[in-house]
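Notes follow once the structure below has been shown.
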Amino acid sequence: MRSLILTAMARIFFAIMLAGSVWVLLRGHNEPGGGFIGGLVGAAGFATLALAAGVETARRALVLHPVVLMGAGLAIAFVSGVPGIVTDASFLTHQWGSLAGVKLGTTIVFDLGVYMVVVGGVLSFMFRLYEEDAA
Amino acid sequence: MDLSTVLLASLAGSIAAPFIVARTGAVGGVIAAALPAALFAYFFAQIGAVGAAPIIDVVPWVPSLGIDLTFRLDGFSLLFALLITGIGTLVTLYASSYMSEKPPFARAQFLFYILMFMTAMLATVAADNLVSLFVFWEMTSLLSFLLVGFQSEDAKARKAALQSLLVTASGGLALLGGIILIGIEAGTFSLAAITANPAPVLESPLLPAIVACVLIGAFTKSAQFPFHFWLPNAMKAPTPASAYLHSATMVKLGVYLLARLDPVFAGAPWVGATLVAFGGLTMLIAAVQALRAIELKAVLAYSTVASLGTLVMLIGLDGPVSSVAVVGFILAHALYKATLFFCAGIVIHATHETRLRALGGLAKLLPLTAAATLLASFSMAGLPPFIGFISKEYLFEAKLESSLDTIAVLIGVLVNAVMVAVAGVLALRPFFGRAKKPFEVEHGERPGMTLGPLLLAVVGVTFGLVPSLVSYALITPAAIAIYGAPFEVSFKLWHGFTPMLALSGLVVALGATLAWFWDPIHLALRRRRAFDEVFLDRGYDLVLGRTLALARSSTKVLQNGDLRVYAAVVSASVTGLLAYGLLVGEGPLLPAVAGEPVRPYLLVVCALIVAGCVVAAAVPSLVTAIVAVGLSGYGLALVFLLNGGPDLALTQFSVETLFVVIVMAVLLKLPIVAKSSRTPRERLFDATVSGLFAAGVLVATLWIAAKPFNPELTEYFAVTSVPEGFGRNVVNVILVDFRALDTFGEIAVVAFAALGAWALLRTGSSTKRTGKEV
């Protein structure tokens, strides 16, 4: 059962939701948002695409396998804590610097890891559920 | 070089070694042996310095908990370090020759375990902080598990490995409890500080608990009654590992710890009496079992258990001589027992025969092995001029001088006579006895395998002839280190005509008689099956079996695969706990609720939530139920939003949305309107459980709301969030910065849970395998 309207709009929704999720991720440190919420919104975006255009399309849009994405997220979150060991002798003590007047910290790297784990985690089994359905 | 640097180098070398061994042939073992040899040289060079004062190296680890990686090398640690690295060198050489027929990977793996074990063992005996000592202690247990189960295709080896791990690791847990209690009472985990000022521990009302925990830890590790059974079973390990771990070094760790804590426990005489009782009992059991054992390695294993019992008994005895006896016996035993294990390995390797009574006439085929065995067994029998003789003289002197002399001497004479007999039979039977059938020796003696036993055997004679070699350099500092105060040590061969000499003579005479009548005694004892019931691991099997049965039956009841049962169990337990807290706790059942102005919009939202719940419980259509649950969820998110929790609300909204999307995928496979499979009675039960659960949560929530809110944390985060976390969103700053480690743990949990679901949902298999469910 494919809805023409949903299929037509899905890519637009997907793009908006993905952009929204990244925006939520980035603003998280100062405004409501962050990796967890961003990841959930992002996963919902991919879910919309999968519902409307099929799991294969959604998988291609994700590029990476969801499980790989999840693992990469964990690894990135881990790596973001390493500079803390080097400078302050304590894991996950975040470091801050500024680049061209914008304050940047390793927190955003950590939050990106959280985002990736949530997106990968949700999609890893959701794609499977929908694939089984098609079969 | 600092001690910590040396240990780190040892670790690095142990990790690098297998890569070298796997890529080189026979030379690889020699290269790998360079690591323990270099460490031996390092520790040897420290003898002079340690004689003057202990070497201390402080490395902070978890200062907030009083845990550090302080390493302290005194006489006793140094003796162990030299044994570990010295015998470690020979074991590495021996093992690479013993394993030369094995594929390179297995060879590399084995040497890796051995070298890692050596590193862990060195760290254990060098650690001053009890908590870090415990960590390294458990590392040795794990490596022992890997080595016992090395021939993993053998089910018996796997069982023995599991048994050794379960016994030593559960004992380790008891030890950890003891260590924490000691730390609480003494205010420090430092061994040196605790033994220097034993009063807080000795006067503590918790002393019986501390002693019980430490003794369980030490007894499991050192195979004392009633945990003695795992060591003979651990002989499934390849012989080099048996020689190293289960005779010369690891099993002595329990003794090591008891000796270390002796200055503390000496203040409570009943501890010493307990040690003498358990040590004595272990000695007797091991002596009987040594006479009954069939296999060559089992005989050696039981004699090791007897020796460990002897050491435990010696530590329990009072007086400074017992310290000398402990140190002397540790050295003598390591030298001769490692030799005997090495030789047993050569014999088994060459003949593929493991039974002692089947062996014979091997002196012509394995002459060097025969010579080494002969020398080592003389030392074991305590004949002059071997080091075993000197250590036995001290053993009897310590027993005679203690306040428990009669019983200690009696057990000592009996068990040592058996050890003399065992030594005689081990040396004579396989090499000079008549063989039942002529043996084909597959491969003769290899230099890598004979070097170790010969060297150790010769060292045993040399130390016996010239005791001054070890007396001042090793024995004296080690004995003083465990006695806790300096005293005059005389470690020499000839003491004149003393009661000890008479006892030695008696022991040798008795032992010779036993050895002469070995066969009839062995067979008569074997026939007594009752010993098997008492002395073997029946108790272990019983406990393990019962535990597994309990796990199975509780799983059958609590986790039977029906989701409703899970939900009922969880909510009933939570309700029960809440009810207990509310009924037992102080004050009235319901708190006084402060009057608050009613906010109409919240009432509307709450009505929405309640409506969602009622509909979900009442409708037969699953789709309607899902939508209704979603309604409740959105209502809850609105409550968060209206009460100033935008992050929480946003998360809740996203989760609710995704929930519907995910559940839809499942629902597509189910009938739209499902006929309820629950009987009215079951539904009544469900309603009761959920009603009580709701009531409990309501009362608990009222109580939480009634308590005055402690704003300390809120204020702390509000103030520090921007200057320290550089973010205005306090929730996010807590998540990614203040409590980042928690978040890291959480995302790891999310990842693993998702991985589990993903694996279970493998396409096509889930419906087939689980049958009617899904």
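The values are calculated or read from the model by the stated rules, or taken from the named source; none is laboratory data. Note that the coordinates shown come from a computational prediction; the quantities given were computed from them, not determined experimentally. Glycine also receives a Cβ, built like all others from the backbone with ideal geometry; neighbour counts cover every protein chain displayed. All accessible areas refer to the heavy atoms of the entire protein, side chains included, with ligands and DNA or RNA removed. Shrake-Rupley method; radii C 1.70, N 1.55, O 1.52, S 1.80 Å.
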>> I need every pair where a residue in segment B:190-204 that is within 18 Å of B:Pro54 (Cα to Cα) has its Cβ under 7 Å from the Cβ of a residue that is assigned to a helix (DSSP H, G or I), sequence separation at least 6 or different chains.
In response: B:Leu191/B:Leu130; B:Leu191/B:Arg260; B:Ile194/B:Ile182; B:Ile194/B:Ala186; B:Ile194/B:Val201; B:Ile194/B:Val264; B:Thr195/B:Pro263; B:Thr195/B:Val264
> Do you know which of the residues in segment B:731-753 that are more than 7 Å from chain A (Cβ to nearest Cβ) and open to solvent by 50 Å² or more (accessible area, probe 1.4 Å) is nearest to A:Arg27 (Cα to Cα)?
Replying inline: B:Val731
> Inside segment A:8-60, can you point out the residues that are under 19 Å from A:Val118 (Cβ atoms) and acidic (Asp, Glu)?
Replying inline: A:Glu31
> What is the number of the single condition among (1) polar (S, T, N, Q); (2) closer than 30 Å to B:Gly267 by Cβ; (3) under 35 Å from the mean Cα position of the chain (by Cα) that B:Thr406 does not meet?
Replying inline: (3)
> Of B:Val623, B:Val569, B:Val627, which residue is free of Cβ contacts under 8 Å to residues at least 24 places away in the same chain, over 30 Å from B:Val418 (Cα atoms) and among the β-branched types (Val, Ile, Thr)?
Replying inline: B:Val569
>> Can you tell me which condition A:Val67 does not meet? The list is (1) in a helix (DSSP H, G or I); (2) modelled with pLDDT under 90; (3) within 7 Å of chain B (Cβ to nearest Cβ); (4) more than 12 Å from the chain's Cα centre (by Cα), and all the others hold.
In response: (2)
>> Looking at the structure I just gave you, is B:Val508 aliphatic (A, V, I, L, M), at pLDDT below 85 and in contact with a helix residue (DSSP H, G or I) (Cβ under 9 Å, 6 or more places away or on another chain)?
In response: no
> What number of residues within segment B:398-442 are outside any helix (DSSP H, G or I), crowded, with 18+ Cβ neighbours inside 10 Å and hydrophobic (A, V, I, L, M, F, W, C)?
Replying inline: 2
> Does B:Ala287 fit the bill of being within 30 Å of B:Leu359 (Cβ to Cβ), at pLDDT 90 or above and either buried (at least 24 other Cβ atoms within 10 Å of the Cβ) or not charged (D, E, K, R) (or both)?
Replying inline: yes
> Filtering segment B:618-634 down to residues that are assigned to a helix (DSSP H, G or I) and open to solvent by less than 30 Å² (accessible area, probe 1.4 Å), which residue is farthest from the other protein chains (Cβ to nearest Cβ)?
Replying inline: B:Ala628
>> Of the residues B:Thr513, B:Thr450, only one is over 38 Å from the mean Cα position of the chain (by Cα), closer than 24 Å to B:Leu359 by Cα and of a type outside the set (Asp, Glu); which?
In response: B:Thr513
>> Just the residues that are in a helix (DSSP H, G or I), touching a residue at least 60 places away in the same chain (Cβ under 8 Å) and in contact with a helix residue (DSSP H, G or I) (Cβ under 6 Å, 6 or more places away or on another chain), please, taken from segment B:115-132.
In response: B:Leu115, B:Met116, B:Phe117, B:Met118, B:Thr119, B:Met121, B:Leu122, B:Ala123, B:Thr124, B:Val125, B:Ala126, B:Leu130
> Only one of (1) surrounded by 16 or more Cβ atoms within 10 Å (Cβ to Cβ); (2) under 21 Å from the mean Cα position of the chain (by Cα) is not met by A:Gly84, so which one is it?
Replying inline: (2)
>> Tell me whether segment B:34-52 contains one or more residues that are surrounded by 19 or more Cβ atoms within 10 Å (Cβ to Cβ), farther than 26 Å from B:Leu469 by Cα and among the hydrophobic types (A, V, I, L, M, F, W, C).
In response: no
> In this structure, does B:Ala637 turn out to be open to solvent by less than 50 Å² (accessible area, probe 1.4 Å), within 14 Å of chain A (Cβ to nearest Cβ), under 22 Å from A:Phe46 (Cα atoms) and in a helix (DSSP H, G or I)?
Replying inline: no
>> I'd like to check which helices (runs of 4 or more DSSP H) are fully inside segment B:473-539 and have at least 3 residues that are open to solvent by 60 Å² or more (accessible area, probe 1.4 Å).
In response: B:499-516, B:518-527, B:530-535
> Which one of these does B:Ala95 not meet: (1) closer than 18 Å to B:Asp2 by Cβ; (2) touching a Pro at 6+ places or on another chain (Cβ under 6 Å)?
Replying inline: (1)
> Which condition number in (1) open to solvent by 10 Å² or more (accessible area, probe 1.4 Å); (2) closer than 25 Å to B:Arg72 by Cα is the one that B:Ile182 fails?
Replying inline: (1)
>> Could you go through segment A:2-12 and let me know if any residue there is within 8 Å of chain B (Cβ to nearest Cβ) and among the aliphatic types (A, V, I, L, M).
In response: no
> What residue, among those in segment B:654-665 that are of a type outside the set (A, V, I, L, M) and under 21 Å from B:Thr624 (Cβ atoms), is nearest to the other protein chains (Cβ to nearest Cβ)?
Replying inline: B:Thr657
> In the list B:Phe717, B:Phe659, B:Phe693, which residue meets the criterion of being open to solvent by less than 40 Å² (accessible area, probe 1.4 Å), in contact with a helix residue (DSSP H, G or I) (Cβ under 8 Å, 6 or more places away or on another chain), in a helix (DSSP H, G or I) and of a type outside the set (Val, Ile, Thr)?
Replying inline: B:Phe717
> Looking at segment B:67-76, is at least one residue touching a Gly at 6+ places or on another chain (Cβ under 6 Å) and surrounded by 14 or more Cβ atoms within 10 Å (Cβ to Cβ)?
Replying inline: no
>> Anything in segment B:367-397 that is closer than 19 Å to B:Val441 by Cβ and buried (at least 24 other Cβ atoms within 10 Å of the Cβ)? List them, or say none.
In response: B:Thr369, B:Ala372, B:Thr373
> Is there a residue being open to solvent by 30 Å² or more (accessible area, probe 1.4 Å), under 30 Å from B:Ser96 (Cβ atoms) and part of a helix (DSSP H, G or I) anywhere in segment B:232-254?
Replying inline: yes
